[in-house]
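The values are calculated or read from the model by the stated rules, or taken from the named source; none is laboratory data. Just so we're clear, the structure is a prediction, and the values are computed from it rather than from any experiment. Positions of Cβ are generated from backbone atoms using ideal geometry, with glycine treated the same way; all protein chains shown enter the neighbour counts. Please note that ligands, DNA and RNA were not included when accessible areas were found on the heavy atoms of the full protein model with its side chains. Shrake-Rupley method; radii C 1.70, N 1.55, O 1.52, S 1.80 Å.
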Amino acid sequence: MSRVALVTGGSRGIGAAISKELKEKGYTVAATYAGNDEAAAAFTEETGIKTYKWNVADYDSSKDGIAKVEADLGPIEVVVANAGITRDAPFHKMTPEQWHEVIDTNLTGVFNTIHPIWPGMRERKFGRIVVISSINGQKGQFAQVNYAATKAGDLGIVKSLAQEGARANITANAICPGYIGTDMVMAVPEKVRESIIAQIPAGRLGEPEEIARAVSFLVADDAGFINGSTISANGAQFFV
Ligand code: CAA
């Protein structure tokens, strides 16, 4: 039987490419989304991948949603915590609401996604966890104190989980995408986006599929010794 993979924010952008890649590799995929029913329905129509609606920022919704996925498809053995939002503003203009929305979704949302699945992975002695962080968690970013804090936090999560899960054959790794051609990056003002592209040695935005490729590498059954690592995929824009 094929392994079940959960991809949060899996019906659009980078998440959609990850869902499709994992399906192609033989996984049974469940993709979550927060609000865009139309995009989710179109995604299922196009790919045959089941979508589930819940807010990753809410623990009980995540727990209940995960229980539903497992009842429908079987135990979740691969988790890709991808769901994320931006609320960009220079720090002097950033509101407490903008701070909390991003922390609740991007950071607490990762806890809420992995925590209910973790005991089953420990029992079955198998698990593959990938958290989609960001180049901006590595280098910081003007107008992203909130977002950069969450994406740096993701790296702490995977490095800690890697140590806790290693004996149970559970791996946890992070991918730090650079600027990828998704709605999130397209929402940046055009002039700013052009100046960002000028800083990317590759001379272009990345493709969502270029991130999905790294995910399928990390979640493979024979990738058990790759644990606690961070893969950068940013067109050579930034090195750690
Ligand atoms: N570095 C230095 N200065 C910058 C800057 C930067 N990257 N971006 C903007 N500024 C400056 C502007 O030139 C302007 O300066 P002046 O006042 O001297 O003209 C000032 O900062 C902006 O002031 P505003 O009052 O106009 O700012 P605003 O309240 O309208 O906010 C903004 C504008 C939200 C900062 C907008 O410029 C923006 O969205 N910037 C992009 C931020 C960004 O890169 N976000 C990444 C999104 S993609 C993503 O997050 C995915 C991923 O993981 C990679």
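Here are a few things to note about the model shown:
- Total charge dipole magnitude, region 4-228, about the Cα centre, Cβ charges on Lys, Arg, Asp, Glu only, Debye to nearest 20: 580
- Within the accessible area of region 143-240, the carbon and sulfur atoms contribute 57%, probe 1.4 Å, all protein chains present.
- Contour minus Cα-Cα distance for Glu97 and Val240 (0.36 nm per residue): 48.4 nm
- Farthest toward the positive end of the dipole of region 64-118, out of Gln98, Trp118, Ala83, is the Cα of Gln98, where the dipole comes from beta carbon charges about the Cα centre.
- Mean Cβ count within 10 Å, highest first, over the residues of peptides 156-168, 12-24, 191-203, 70-82: 12-24, 70-82, 156-168, 191-203
- Gain on full extension, evaluated as 0.36 nm per residue between Val192 and Lys159 minus their Cα-Cα distance, stands at 8.6 nm.
- Springs between Cα atoms under 10 Å define the GNM used for the chain, and in it the highest mean-square fluctuation of Thr86, Thr150, Thr182 occurs at Thr182.
- Helical content alone sets the calculated 222 nm signal of the chain at -13000 deg cm²/dmol, taking -39,500 (n - 2.57) per DSSP H segment of four or more residues and averaging over every residue.
- Protein heavy-atom accessible surface, 1.4 Å probe, per residue over region 4-228: 46 Å².
- Over the chain, relative contact order from alpha-carbon pairs under 8 Å, at least 6 apart, %: 20
- Net lengthening on full extension, Ser2/Ala42 (0.36 nm per residue, minus Cα-Cα): 12.0 nm
- Within the chain, longest stretch free of exposed chymotrypsin sites (Phe, Trp or Tyr not before Pro) [DSSP loop, at most 11 other beta carbons within 10 Å]: 1-141
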